[in-house]
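Throughout, read-outs are computed from the coordinates displayed, never taken from laboratory work. Please read these numbers as outputs of a predicted model, since none were measured by experiment. Please note: Cβ atoms are built from the backbone with ideal geometry, for glycine as well, and neighbour counts cover all protein chains shown.
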Amino acid sequence: MTVKQRELADLPAEAALSQRQVLARAYRDYCRYSVTLKHGDIPLVQERDVLIAGKVVVVMPVDLARQEIVLIRQFRLAAHLANGRGDLVEFVDIERPIEGLIFAGRVVEDFKLLSGTFVLVGSLRVDAITATSPLLFDALVAGQDREEVGLLAWPHVEACRAFIGDPSASIETLVNHPKIVAAIRDGLRAHNARNGNTGSRRIARVMLLTEPPSVDGSEITDKGYINQRAGLQRRAASVERLYQNPAPGDVIVIPR
């Protein structure tokens, strides 16, 4: 099996940052920003909540002769304790460090399909949201010990309402709307085609969720990210429904 490695480099992006919206004032201000990324004809809009904590100090190793910052190691203690894979970046070949590093992402969330193929959850989740932009807000990536990858996805309510031209549409209307279902199916079908329509990059089915992520259910981390493991555990019944055959009517099957 040939694994494609991503180049370790920042990629340029045309982005617009909104004005800061202060959600709460306390010892530290709690704010929200909207970031709009240009993605083809449809912009990708993401919201990020930020706790303004003031100045910080970062210690970075520097090679003065080469005038370069030296990356020695990035390490996640929680991932190491969970599954022994704490490195955020990994050597392509540990015996040949000259081959360089690959980005491992949030490795604690990654899993294997029934075939033994690793699914890199972080990058696949972002690619799925981008492929369906602006209709999905976020998603849980399922498929551990199964034959194919599936998504439990939250629709972006305001974007979906604008997409169908109904500013008052309920969440139940949105998740069943033929135009939204078709657009998500087409977007993910195009994503699959770009990735060879096989393996851990192929998304085979999607279920749209009506219940938002739960803070009390630990589905949102203290940094505001979706907790994949907690979300999948809390929604285990939805995962089982996602993989029923034949697929129920509320499961979007992505054709090859």
**Prompt:** What residues qualify as long-range amide H neighbours of residue 139, i.e. H under 5 Å apart, gap of 5 or more or another chain, H built at 1.01 Å from N?
**Reply:** 154
**Prompt:** Taking other Cβ within 10 Å of each residue's Cβ, how do 256, 146 sort, fewest first?
**Reply:** 256, 146
**Fill in**
For 201, 66, ascending order of other Cβ atoms within 10 Å (fewest first) is 66, 201
**Request:** Could you go through segment 155-169 in sequence order and give the Karplus-derived ³J(HN,Hα) for each residue, using 6.51 cos²θ - 1.76 cosθ + 1.60 with θ = phi - 60°, rounded to whole Hz, and x for Gly and Pro?
**Result:** x, 7, 4, 5, 5, 5, 4, 5, 5, 9, x, 10, x, 10, 4
**Asked** What residues qualify as long-range amide H neighbours of residue 111, i.e. H under 5 Å apart, gap of 5 or more or another chain, H built at 1.01 Å from N?
**Response** 119, 121
**Prompt:** Could you give me the ³J(HN,Hα) list for segment 30-35, computed from phi with Karplus coefficients 6.51, -1.76, 1.60 and θ = phi - 60°, whole Hz, x at Gly and Pro?
**Reply:** 10, 10, 10, 10, 10, 10
**Item:** Which of 149, 22, 126, 175 has the fewest Cβ neighbours within 10 Å, and the rest in rising order
**Value:** 22, 126, 175, 149
